[in-house]
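I have placed the structure first, in the form of C-alpha coordinates, so that the comments after it can refer back to it.
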Ligand SMILES: Cc1ncc(COP(=O)(O)O)c(C=O)c1O
(Lines give C-alpha, C1' and ligand atoms only; values in the text may rest on other atoms or scores of the structure.)
Protein backbone atom coordinates (compact mmCIF):
# COMPACT_ATOMS: atom_id res chain seq x y z
CA UNK A 1 0.00 0.00 0.00
CA UNK A 2 1.33 3.40 -0.96
CA UNK A 3 1.70 5.85 1.88
CA UNK A 4 -0.84 8.26 0.36
CA UNK A 5 -3.38 5.43 0.19
CA UNK A 6 -2.60 4.62 3.80
CA UNK A 7 -3.23 8.26 4.73
CA UNK A 8 -6.57 8.29 2.91
CA UNK A 9 -7.79 5.06 4.45
CA UNK A 10 -6.57 6.01 7.89
CA UNK A 11 -8.58 9.25 7.77
CA UNK A 12 -11.62 7.31 6.65
CA UNK A 13 -11.15 4.76 9.44
CA UNK A 14 -10.78 7.44 12.09
CA UNK A 15 -14.08 8.94 10.94
CA UNK A 16 -15.63 5.50 11.18
CA UNK A 17 -14.13 4.98 14.65
CA UNK A 18 -15.53 8.28 15.93
CA UNK A 19 -18.96 7.49 14.44
CA UNK A 20 -18.85 4.02 15.97
CA UNK A 21 -18.10 5.35 19.43
CA UNK A 22 -20.78 7.96 19.04
CA UNK A 23 -23.45 5.50 17.93
CA UNK A 24 -22.44 2.24 19.64
CA UNK A 25 -25.83 2.12 21.38
CA UNK A 26 -27.51 1.23 18.07
CA UNK A 27 -25.87 -2.22 18.12
CA UNK A 28 -27.08 -5.25 20.10
CA UNK A 29 -24.73 -5.52 23.08
CA UNK A 30 -24.04 -9.24 22.69
CA UNK A 31 -23.46 -10.51 19.15
CA UNK A 32 -26.67 -12.15 17.93
CA UNK A 33 -25.10 -14.64 15.50
CA UNK A 34 -25.18 -18.45 15.57
CA UNK A 35 -22.00 -20.56 15.84
CA UNK A 36 -20.28 -20.81 12.44
CA UNK A 37 -22.24 -17.94 10.92
CA UNK A 38 -19.26 -15.59 10.65
CA UNK A 39 -16.87 -18.32 9.52
CA UNK A 40 -19.38 -19.08 6.75
CA UNK A 41 -18.95 -15.54 5.46
CA UNK A 42 -15.15 -15.74 5.30
CA UNK A 43 -13.56 -17.33 2.22
CA UNK A 44 -12.09 -20.76 2.92
CA UNK A 45 -8.81 -19.95 1.15
CA UNK A 46 -6.64 -16.83 1.08
CA UNK A 47 -6.75 -14.56 -1.98
CA UNK A 48 -3.93 -15.10 -4.46
CA UNK A 49 -3.90 -11.42 -5.38
CA UNK A 50 -4.27 -8.39 -3.16
CA UNK A 51 -7.70 -6.81 -2.85
CA UNK A 52 -8.62 -3.12 -2.62
CA UNK A 53 -8.95 -1.75 0.90
CA UNK A 54 -12.43 -0.42 0.06
CA UNK A 55 -13.62 -4.00 -0.42
CA UNK A 56 -11.87 -5.29 2.71
CA UNK A 57 -13.39 -2.51 4.78
CA UNK A 58 -16.86 -3.07 3.32
CA UNK A 59 -16.57 -6.78 4.19
CA UNK A 60 -15.43 -5.86 7.70
CA UNK A 61 -18.61 -3.86 8.18
CA UNK A 62 -20.91 -6.39 6.53
CA UNK A 63 -19.42 -9.72 7.65
CA UNK A 64 -17.38 -9.08 10.78
CA UNK A 65 -19.25 -6.44 12.74
CA UNK A 66 -22.37 -8.59 13.29
CA UNK A 67 -20.11 -11.06 15.10
CA UNK A 68 -18.76 -8.48 17.52
CA UNK A 69 -20.01 -8.20 21.08
CA UNK A 70 -19.90 -4.52 21.90
CA UNK A 71 -17.90 -4.27 25.10
CA UNK A 72 -17.93 -0.48 24.77
CA UNK A 73 -21.74 -0.36 24.75
CA UNK A 74 -22.91 1.46 27.89
CA UNK A 75 -25.45 -1.32 28.56
CA UNK A 76 -22.63 -3.86 28.92
CA UNK A 77 -23.12 -5.26 32.43
CA UNK A 78 -21.61 -8.69 31.83
CA UNK A 79 -18.42 -10.31 33.23
CA UNK A 80 -16.21 -7.46 34.37
CA UNK A 81 -15.78 -4.43 32.13
CA UNK A 82 -12.92 -4.21 29.66
CA UNK A 83 -13.43 -0.51 29.29
CA UNK A 84 -11.46 1.73 26.98
CA UNK A 85 -11.42 5.44 26.25
CA UNK A 86 -10.59 7.86 23.43
CA UNK A 87 -7.15 8.79 24.87
CA UNK A 88 -6.27 5.12 25.23
CA UNK A 89 -7.37 4.48 21.65
CA UNK A 90 -5.27 7.36 20.35
CA UNK A 91 -2.22 5.95 22.11
CA UNK A 92 -2.93 2.50 20.65
CA UNK A 93 -2.89 4.07 17.18
CA UNK A 94 0.55 5.49 17.82
CA UNK A 95 1.80 2.23 19.34
CA UNK A 96 0.54 0.32 16.32
CA UNK A 97 2.29 2.79 14.04
CA UNK A 98 5.65 2.64 15.81
CA UNK A 99 5.21 -1.12 16.31
CA UNK A 100 8.27 -1.47 18.51
CA UNK A 101 9.22 -4.68 20.24
CA UNK A 102 10.20 -3.53 23.72
CA UNK A 103 11.94 -6.55 25.21
CA UNK A 104 15.13 -4.68 26.16
CA UNK A 105 15.82 -1.13 27.26
CA UNK A 106 17.90 -0.80 24.09
CA UNK A 107 15.08 -1.89 21.80
CA UNK A 108 13.13 1.25 22.83
CA UNK A 109 14.47 3.11 25.87
CA UNK A 110 11.38 5.35 26.03
CA UNK A 111 9.08 2.32 26.36
CA UNK A 112 11.06 0.91 29.27
CA UNK A 113 11.50 4.21 31.08
CA UNK A 114 7.90 5.22 30.57
CA UNK A 115 6.74 1.82 31.86
CA UNK A 116 8.74 2.30 35.05
CA UNK A 117 7.39 5.82 35.45
CA UNK A 118 3.68 5.19 34.80
CA UNK A 119 3.67 2.05 36.92
CA UNK A 120 4.97 4.17 39.76
CA UNK A 121 2.21 6.70 39.03
CA UNK A 122 -0.26 3.83 39.36
CA UNK A 123 1.38 2.71 42.60
CA UNK A 124 0.85 6.19 44.01
CA UNK A 125 -2.70 6.43 42.64
CA UNK A 126 -3.66 3.17 44.39
CA UNK A 127 -1.86 3.91 47.65
CA UNK A 128 0.50 0.93 47.36
CA UNK A 129 3.60 1.24 49.52
CA UNK A 130 6.90 2.57 48.24
CA UNK A 131 9.27 -0.19 47.28
CA UNK A 132 6.83 -2.05 45.04
CA UNK A 133 8.26 -2.09 41.51
CA UNK A 134 5.83 -2.40 38.60
CA UNK A 135 5.78 -4.15 35.26
CA UNK A 136 3.03 -4.47 32.66
CA UNK A 137 1.88 -8.01 31.89
CA UNK A 138 -0.61 -9.09 29.24
CA UNK A 139 -3.04 -10.40 31.84
CA UNK A 140 -3.62 -10.99 35.53
CA UNK A 141 -3.35 -14.71 34.75
CA UNK A 142 0.25 -14.14 33.66
CA UNK A 143 1.07 -12.04 36.71
CA UNK A 144 -0.27 -14.76 39.00
CA UNK A 145 1.73 -17.34 37.07
CA UNK A 146 4.86 -15.24 37.63
CA UNK A 147 4.03 -15.11 41.35
CA UNK A 148 3.67 -18.89 41.53
CA UNK A 149 6.88 -19.47 39.61
CA UNK A 150 8.75 -17.10 41.93
CA UNK A 151 7.26 -18.78 45.00
CA UNK A 152 8.24 -22.17 43.58
CA UNK A 153 11.80 -21.10 42.90
CA UNK A 154 12.16 -19.44 46.28
CA UNK A 155 10.89 -22.57 48.07
CA UNK A 156 13.34 -24.75 46.16
CA UNK A 157 16.32 -22.62 47.22
CA UNK A 158 16.43 -21.29 43.62
CA UNK A 159 17.07 -24.80 42.31
CA UNK A 160 13.68 -25.75 40.80
CA UNK A 161 14.45 -24.35 37.34
CA UNK A 162 17.59 -26.47 37.18
CA UNK A 163 16.56 -29.66 39.00
CA UNK A 164 12.91 -29.84 37.98
CA UNK A 165 10.18 -30.05 40.60
CA UNK A 166 10.49 -33.73 41.49
CA UNK A 167 13.56 -33.05 43.61
CA UNK A 168 11.75 -30.54 45.84
CA UNK A 169 8.80 -32.32 47.38
CA UNK A 170 5.09 -31.68 46.90
CA UNK A 171 4.34 -27.94 46.96
CA UNK A 172 0.93 -26.59 47.97
CA UNK A 173 -0.90 -23.33 47.18
CA UNK A 174 -3.84 -21.77 49.07
CA UNK A 175 -6.74 -19.72 47.69
CA UNK A 176 -10.33 -19.00 48.64
CA UNK A 177 -13.20 -21.07 47.24
CA UNK A 178 -14.13 -17.91 45.32
CA UNK A 179 -10.78 -17.60 43.53
CA UNK A 180 -10.68 -16.87 39.80
CA UNK A 181 -10.12 -19.90 37.56
CA UNK A 182 -6.75 -18.45 36.50
CA UNK A 183 -5.33 -19.81 39.78
CA UNK A 184 -6.32 -23.33 38.72
CA UNK A 185 -4.77 -22.81 35.31
CA UNK A 186 -1.62 -21.28 36.75
CA UNK A 187 -0.96 -24.15 39.18
CA UNK A 188 -1.38 -26.51 36.24
CA UNK A 189 1.10 -24.55 34.12
CA UNK A 190 3.55 -24.11 37.00
CA UNK A 191 3.70 -27.88 37.47
CA UNK A 192 2.30 -27.67 41.01
CA UNK A 193 -0.85 -29.59 40.11
CA UNK A 194 -4.50 -28.91 40.88
CA UNK A 195 -4.46 -31.64 43.52
CA UNK A 196 -2.17 -29.33 45.49
CA UNK A 197 -4.33 -26.25 45.19
CA UNK A 198 -6.24 -25.89 48.46
CA UNK A 199 -9.55 -24.07 48.15
CA UNK A 200 -10.21 -22.65 51.60
CA UNK A 201 -13.70 -22.12 53.00
CA UNK A 202 -15.18 -18.63 53.01
CA UNK A 203 -17.33 -16.77 55.53
CA UNK A 204 -20.83 -15.38 55.00
CA UNK A 205 -19.32 -12.45 53.07
CA UNK A 206 -17.53 -14.93 50.77
CA UNK A 207 -14.11 -13.94 52.14
CA UNK A 208 -11.42 -16.50 52.90
CA UNK A 209 -11.43 -17.64 56.53
CA UNK A 210 -7.97 -17.19 58.09
CA UNK A 211 -8.53 -19.93 60.69
CA UNK A 212 -9.34 -22.44 57.96
CA UNK A 213 -6.24 -21.32 56.04
CA UNK A 214 -4.04 -21.80 59.06
CA UNK A 215 -5.50 -25.24 59.70
CA UNK A 216 -4.94 -26.31 56.07
CA UNK A 217 -1.32 -25.13 56.10
CA UNK A 218 -0.60 -26.87 59.39
CA UNK A 219 -2.19 -30.11 58.16
CA UNK A 220 -0.07 -30.01 55.01
CA UNK A 221 3.09 -29.35 57.02
CA UNK A 222 2.31 -32.33 59.26
CA UNK A 223 1.88 -34.44 56.13
CA UNK A 224 5.35 -33.43 54.94
CA UNK A 225 4.14 -31.13 52.13
CA UNK A 226 5.58 -27.69 51.33
CA UNK A 227 3.16 -24.73 51.48
CA UNK A 228 4.66 -22.13 49.12
CA UNK A 229 2.06 -19.53 48.21
CA UNK A 230 -1.21 -17.92 49.28
CA UNK A 231 -3.20 -16.01 46.67
CA UNK A 232 -5.50 -13.44 48.27
CA UNK A 233 -8.34 -12.05 46.19
CA UNK A 234 -9.56 -8.47 46.47
CA UNK A 235 -12.82 -8.39 44.53
CA UNK A 236 -13.61 -11.98 43.57
CA UNK A 237 -15.05 -12.60 40.12
CA UNK A 238 -18.37 -14.05 41.21
CA UNK A 239 -19.45 -11.78 44.04
CA UNK A 240 -16.64 -9.23 44.57
CA UNK A 241 -15.50 -10.69 47.91
CA UNK A 242 -12.47 -9.18 49.63
CA UNK A 243 -10.12 -11.53 51.48
CA UNK A 244 -8.73 -10.24 54.82
CA UNK A 245 -5.17 -9.27 53.94
CA UNK A 246 -3.83 -8.46 57.43
CA UNK A 247 -4.66 -11.94 58.76
CA UNK A 248 -3.40 -13.65 55.62
CA UNK A 249 -0.16 -11.65 55.67
CA UNK A 250 0.38 -12.65 59.30
CA UNK A 251 -0.01 -16.36 58.50
CA UNK A 252 2.30 -16.07 55.49
CA UNK A 253 4.92 -14.29 57.59
CA UNK A 254 4.78 -16.98 60.28
CA UNK A 255 5.25 -19.78 57.78
CA UNK A 256 7.52 -17.97 55.30
CA UNK A 257 4.96 -18.32 52.52
CA UNK A 258 4.81 -16.09 49.41
CA UNK A 259 1.71 -13.85 49.41
CA UNK A 260 0.29 -12.75 46.06
CA UNK A 261 -2.70 -10.39 45.86
CA UNK A 262 -5.12 -10.65 42.92
CA UNK A 263 -7.06 -7.41 42.66
CA UNK A 264 -7.62 -7.76 38.90
CA UNK A 265 -10.91 -5.88 38.91
CA UNK A 266 -11.22 -4.19 42.32
CA UNK A 267 -7.72 -2.71 42.25
CA UNK A 268 -8.94 0.26 40.20
CA UNK A 269 -11.26 1.29 43.06
CA UNK A 270 -8.19 1.90 45.23
CA UNK A 271 -7.93 5.32 43.56
CA UNK A 272 -10.71 6.16 46.03
CA UNK A 273 -9.54 6.71 49.60
CA UNK A 274 -12.68 5.06 51.01
CA UNK A 275 -11.72 1.72 49.44
CA UNK A 276 -8.11 1.70 50.66
CA UNK A 277 -9.09 -0.49 53.61
CA UNK A 278 -8.95 -3.36 51.13
CA UNK A 279 -5.15 -3.11 51.11
CA UNK A 280 -4.61 -2.87 54.86
CA UNK A 281 -1.81 -5.38 55.38
CA UNK A 282 -0.36 -4.97 51.87
CA UNK A 283 3.10 -4.41 53.42
CA UNK A 284 3.15 -8.16 54.05
CA UNK A 285 2.50 -9.06 50.39
CA UNK A 286 5.15 -10.12 47.91
CA UNK A 287 3.21 -9.12 44.82
CA UNK A 288 -0.01 -7.48 43.67
CA UNK A 289 -1.82 -7.36 40.34
CA UNK A 290 -4.68 -5.30 38.97
CA UNK A 291 -5.96 -4.74 35.45
CA UNK A 292 -6.17 -1.22 34.05
CA UNK A 293 -7.66 -3.08 31.06
CA UNK A 294 -10.70 -3.89 33.18
CA UNK A 295 -11.79 -0.74 34.93
CA UNK A 296 -9.22 2.01 34.32
CA UNK A 297 -10.25 3.14 30.81
CA UNK A 298 -7.25 1.50 29.18
CA UNK A 299 -7.57 -0.78 26.17
CA UNK A 300 -7.02 -4.48 26.58
CA UNK A 301 -4.32 -5.66 27.21
CA UNK A 302 -2.69 -3.98 30.18
CA UNK A 303 -2.22 -5.66 33.53
CA UNK A 304 -0.23 -3.86 36.24
CA UNK A 305 1.93 -6.25 38.26
CA UNK A 306 3.83 -4.98 41.31
CA UNK A 307 6.54 -6.93 43.08
CA UNK A 308 8.32 -6.35 46.35
CA UNK A 309 11.56 -7.99 45.15
CA UNK A 310 12.06 -7.65 41.39
CA UNK A 311 15.38 -9.43 41.78
CA UNK A 312 13.45 -12.58 42.76
CA UNK A 313 11.30 -12.34 39.65
CA UNK A 314 14.35 -11.87 37.45
CA UNK A 315 16.12 -14.72 39.20
CA UNK A 316 13.13 -16.90 38.40
CA UNK A 317 12.62 -15.90 34.76
CA UNK A 318 16.01 -14.54 33.70
CA UNK A 319 17.77 -16.17 30.80
CA UNK A 320 20.54 -14.57 28.76
CA UNK A 321 21.49 -15.90 25.34
CA UNK A 322 24.26 -14.07 23.53
CA UNK A 323 22.00 -12.03 21.24
CA UNK A 324 20.06 -10.50 24.15
CA UNK A 325 23.15 -9.16 25.94
CA UNK A 326 23.43 -5.39 25.99
CA UNK A 327 26.18 -3.07 27.07
CA UNK A 328 24.04 -1.05 29.49
CA UNK A 329 23.94 -3.94 31.95
CA UNK A 330 22.68 -3.01 35.42
CA UNK A 331 22.23 0.66 34.56
CA UNK A 332 18.86 -0.12 32.96
CA UNK A 333 15.85 -2.39 33.31
CA UNK A 334 15.36 -5.05 30.67
CA UNK A 335 11.72 -6.04 31.21
CA UNK A 336 12.17 -9.23 29.13
CA UNK A 337 13.07 -11.05 32.35
CA UNK A 338 10.03 -9.82 34.29
CA UNK A 339 7.52 -11.95 32.37
CA UNK A 340 7.20 -15.26 30.55
CA UNK A 341 7.13 -14.00 26.93
CA UNK A 342 10.27 -12.37 25.61
CA UNK A 343 8.53 -9.95 23.25
CA UNK A 344 6.65 -6.97 24.66
CA UNK A 345 4.32 -4.36 23.18
CA UNK A 346 4.63 -0.68 24.07
CA UNK A 347 1.71 -0.77 26.50
CA UNK A 348 2.83 2.02 28.81
CA UNK A 349 1.91 4.68 26.25
CA UNK A 350 -1.84 4.16 26.60
CA UNK A 351 -1.62 4.42 30.39
CA UNK A 352 0.38 7.62 30.03
CA UNK A 353 -2.26 9.04 27.70
CA UNK A 354 -5.19 7.98 29.89
CA UNK A 355 -3.75 9.27 33.16
CA UNK A 356 -2.61 12.57 31.63
CA UNK A 357 -5.73 13.16 29.60
CA UNK A 358 -8.23 12.50 32.43
CA UNK A 359 -6.08 13.33 35.43
CA UNK A 360 -6.45 11.33 38.62
CA UNK A 361 -9.44 13.35 39.83
CA UNK A 362 -11.55 12.53 36.78
CA UNK A 363 -10.56 8.85 36.99
CA UNK A 364 -11.71 8.88 40.62
CA UNK A 365 -14.95 10.59 39.70
CA UNK A 366 -15.77 8.07 36.99
CA UNK A 367 -15.08 5.03 39.15
CA UNK A 368 -17.04 6.50 42.05
CA UNK A 369 -19.90 7.08 39.63
CA UNK A 370 -19.92 3.42 38.54
CA UNK A 371 -20.01 2.36 42.18
CA UNK A 372 -22.88 4.74 42.86
CA UNK A 373 -24.84 3.50 39.82
CA UNK A 374 -24.44 -0.11 40.98
CA UNK A 375 -25.41 0.82 44.54
CA UNK A 376 -28.59 2.45 43.28
CA UNK A 377 -29.45 -0.50 41.00
CA UNK A 378 -28.89 -2.99 43.83
CA UNK A 379 -31.27 -0.85 45.89
CA UNK A 380 -33.97 -1.15 43.20
CA UNK A 381 -33.60 -4.94 43.29
CA UNK A 382 -33.78 -5.03 47.07
CA UNK A 383 -36.90 -2.88 47.12
CA UNK A 384 -38.81 -5.07 44.62
CA UNK A 385 -41.01 -7.75 46.22
CA UNK A 386 -40.38 -10.29 43.48
CA UNK A 387 -36.58 -9.90 43.22
CA UNK A 388 -33.80 -10.59 45.71
CA UNK A 389 -30.08 -10.03 46.06
CA UNK A 390 -28.19 -13.32 46.34
CA UNK A 391 -24.93 -11.67 47.34
CA UNK A 392 -24.42 -8.19 48.75
CA UNK A 393 -23.29 -5.32 46.56
CA UNK A 394 -19.50 -5.14 46.39
CA UNK A 395 -18.08 -2.04 44.69
CA UNK A 396 -19.92 -1.99 41.34
CA UNK A 397 -21.09 -5.64 41.33
CA UNK A 398 -24.13 -7.47 42.68
CA UNK A 399 -25.90 -10.79 42.14
CA UNK A 400 -29.67 -11.15 42.11
CA UNK A 401 -32.53 -13.36 40.99
CA UNK A 402 -36.17 -13.12 40.13
CA UNK A 403 -38.33 -14.78 42.74
CA UNK A 404 -42.00 -14.58 41.78
CA UNK A 405 -44.54 -15.05 44.57
CA UNK A 406 -45.36 -18.69 45.21
CA UNK A 407 -42.25 -20.18 43.59
CA UNK A 408 -39.97 -21.68 46.23
CA UNK A 409 -38.57 -24.77 44.56
CA UNK A 410 -34.81 -24.18 44.01
CA UNK A 411 -34.75 -26.03 40.68
CA UNK A 412 -37.73 -24.05 39.40
CA UNK A 413 -36.13 -20.75 40.46
CA UNK A 414 -32.92 -21.71 38.66
CA UNK A 415 -34.84 -22.55 35.51
CA UNK A 416 -36.83 -19.29 35.59
CA UNK A 417 -33.70 -17.19 36.05
CA UNK A 418 -31.79 -19.01 33.34
CA UNK A 419 -34.69 -18.36 31.01
CA UNK A 420 -34.79 -14.72 32.08
CA UNK A 421 -31.09 -14.23 31.40
CA UNK A 422 -31.32 -15.89 27.99
CA UNK A 423 -34.20 -13.65 26.97
CA UNK A 424 -32.46 -10.50 28.20
CA UNK A 425 -29.20 -11.27 26.41
CA UNK A 426 -31.01 -12.37 23.25
CA UNK A 427 -32.81 -9.04 23.18
CA UNK A 428 -29.52 -7.24 22.55
CA UNK A 429 -30.62 -4.40 24.81
CA UNK A 430 -28.21 -5.28 27.60
CA UNK A 431 -25.73 -7.98 28.50
CA UNK A 432 -25.46 -9.78 31.85
CA UNK A 433 -23.69 -12.94 33.06
CA UNK A 434 -24.90 -15.97 35.01
CA UNK A 435 -23.35 -17.10 38.29
CA UNK A 436 -23.96 -19.62 41.05
CA UNK A 437 -24.23 -18.25 44.58
CA UNK A 438 -24.43 -20.86 47.33
CA UNK A 439 -25.64 -23.26 44.67
CA UNK A 440 -28.43 -21.03 43.36
CA UNK A 441 -28.55 -19.65 39.80
CA UNK A 442 -27.84 -15.93 39.99
CA UNK A 443 -27.67 -13.08 37.52
CA UNK A 444 -24.57 -10.94 37.87
CA UNK A 445 -24.82 -7.19 37.29
CA UNK A 446 -21.48 -5.39 36.90
CA UNK A 447 -21.22 -1.67 36.11
CA UNK A 448 -18.03 -0.25 34.62
CA UNK A 449 -18.24 0.63 30.95
CA UNK A 450 -16.70 4.06 30.45
CA UNK A 451 -19.92 5.77 29.28
CA UNK A 452 -22.53 4.01 31.38
CA UNK A 453 -24.97 6.52 32.84
CA UNK A 454 -28.02 6.34 35.04
CA UNK A 455 -30.30 6.12 32.02
CA UNK A 456 -28.58 2.84 31.07
CA UNK A 457 -28.87 1.24 34.50
CA UNK A 458 -32.47 2.45 34.77
CA UNK A 459 -33.33 1.02 31.32
CA UNK A 460 -31.64 -2.25 32.25
CA UNK A 461 -33.66 -2.55 35.45
CA UNK A 462 -36.86 -1.80 33.52
CA UNK A 463 -36.01 -4.48 30.93
CA UNK A 464 -35.22 -6.98 33.68
CA UNK A 465 -38.56 -6.39 35.43
CA UNK A 466 -40.63 -6.38 32.23
CA UNK A 467 -39.00 -9.52 30.87
CA UNK A 468 -39.25 -11.36 34.20
CA UNK A 469 -42.89 -10.52 34.77
CA UNK A 470 -43.79 -11.43 31.18
CA UNK A 471 -42.34 -14.92 31.80
CA UNK A 472 -45.44 -15.78 33.78
CA UNK A 473 -47.88 -14.36 31.29
CA UNK A 474 -49.49 -16.72 28.72
CA UNK A 475 -47.88 -14.81 25.82
CA UNK A 476 -44.34 -15.56 27.06
C1 LIG B 1 -10.28 -11.78 40.23
C2 LIG B 1 -9.75 -12.07 38.84
N3 LIG B 1 -8.50 -12.51 38.69
C4 LIG B 1 -7.99 -12.77 37.47
C5 LIG B 1 -8.73 -12.59 36.33
C6 LIG B 1 -8.12 -12.92 35.00
O7 LIG B 1 -7.78 -11.74 34.35
P8 LIG B 1 -6.98 -11.78 32.97
O9 LIG B 1 -7.99 -11.98 31.89
O10 LIG B 1 -6.29 -10.46 32.91
O11 LIG B 1 -6.02 -12.92 33.04
C12 LIG B 1 -10.04 -12.13 36.44
C13 LIG B 1 -10.88 -11.94 35.22
O14 LIG B 1 -12.00 -11.54 35.27
C15 LIG B 1 -10.57 -11.87 37.72
O16 LIG B 1 -11.84 -11.46 37.87
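The values are calculated or read from the model by the stated rules, or taken from the named source; none is laboratory data. A quick note: this is a predicted structure, and the numbers were derived from the prediction, not measured. All Cβ positions, glycine included, derive from the backbone under ideal geometry; neighbour counts span all protein chains shown.
The condition of being touching a residue at least 24 places away in the same chain (Cβ under 8 Å) and within 16 Å of the ligand (Cβ to nearest atom) holds for only one of 165, 122, 128, that being 122.
In the condition set (1) within 16 Å of the ligand (Cβ to nearest atom); (2) surrounded by fewer than 16 Cβ atoms within 10 Å (Cβ to Cβ); (3) under 20 Å from residue 252 (Cα atoms), residue 200 is compliant with all but (2). Note on region 258-281: among residues that are touching a residue at least 60 places away in the same chain (Cβ under 8 Å) and over 23 Å from residue 363 (Cα atoms), the one that is farthest from the ligand (Cβ to nearest atom) is 258.
Residue 79 fulfils the conditions (1) on the phi < 0 side of the Ramachandran plot; (2) touching a residue at least 60 places away in the same chain (Cβ under 8 Å) except for a single criterion, (1). Taking (1) within 16 Å of the ligand (Cβ to nearest atom); (2) in contact with a strand residue (DSSP E or B) (Cβ under 6 Å, 6 or more places away or on another chain) in turn, residue 252 satisfies each apart from (1). Name the single residue, out of those in region 58-82 being within 16 Å of the ligand (Cβ to nearest atom) and closer than 20 Å to residue 291 by Cα, that is surrounded by the most Cβ atoms within 10 Å (Cβ to Cβ). The residue in question is 77.
For region 218-230, state whether one or more residues are within 16 Å of the ligand (Cβ to nearest atom) and either farther than 30 Å from residue 445 by Cβ or buried (at least 20 other Cβ atoms within 10 Å of the Cβ) (or both). Scanning region 218-230, I find at least one residue that is within 16 Å of the ligand (Cβ to nearest atom) and either farther than 30 Å from residue 445 by Cβ or buried (at least 20 other Cβ atoms within 10 Å of the Cβ) (or both), so the answer is yes. Number of residues in region 308-326 that are touching a residue at least 24 places away in the same chain (Cβ under 8 Å), assigned to a loop (DSSP other than H, G, I, E, B) and over 21 Å from residue 245 (Cα atoms): the value is 1. Only one of (1) modelled with pLDDT of 95 or more; (2) in a helix (DSSP H, G or I) fails for residue 330. Which number is that? Among (1) modelled with pLDDT of 95 or more; (2) in a helix (DSSP H, G or I), residue 330 violates only (1).
When each of 364, 356, 327 is tested for being away from the ligand (no atom under 16 Å from the Cβ), surrounded by fewer than 19 Cβ atoms within 10 Å (Cβ to Cβ) and under 19 Å from the mean Cα position of the chain (by Cα), the lone residue that passes is 364. Being in contact (Cβ under 8 Å) with a residue 12 or more places away in the chain, on the phi < 0 side of the Ramachandran plot, surrounded by fewer than 20 Cβ atoms within 10 Å (Cβ to Cβ) and assigned to a loop (DSSP other than H, G, I, E, B): is that true of residue 100 here? Against the criterion (in contact (Cβ under 8 Å) with a residue 12 or more places away in the chain, on the phi < 0 side of the Ramachandran plot, surrounded by fewer than 20 Cβ atoms within 10 Å (Cβ to Cβ) and assigned to a loop (DSSP other than H, G, I, E, B)), residue 100 qualifies. When region 282-300 is filtered for residues that are more than 12 Å from the ligand (Cβ to nearest atom) and surrounded by fewer than 24 Cβ atoms within 10 Å (Cβ to Cβ), the ones remaining, listed by number, are 283, 284, 299. Return a yes/no flag: does region 338-350 have any residue that is loosely packed, with under 14 Cβ neighbours inside 10 Å and within 16 Å of the ligand (Cβ to nearest atom). Yes. Once region 34-56 is narrowed to residues that are loosely packed, with under 15 Cβ neighbours inside 10 Å and in contact (Cβ under 8 Å) with a residue 12 or more places away in the chain, the residue that is nearest to residue 431 (Cα to Cα) is 37. Out of the residues in region 176-195 that are in contact with a helix residue (DSSP H, G or I) (Cβ under 7 Å, 6 or more places away or on another chain) and more than 12 Å from the ligand (Cβ to nearest atom), state the one that is farthest from residue 392 (Cα to Cα). Here the answer is 191.
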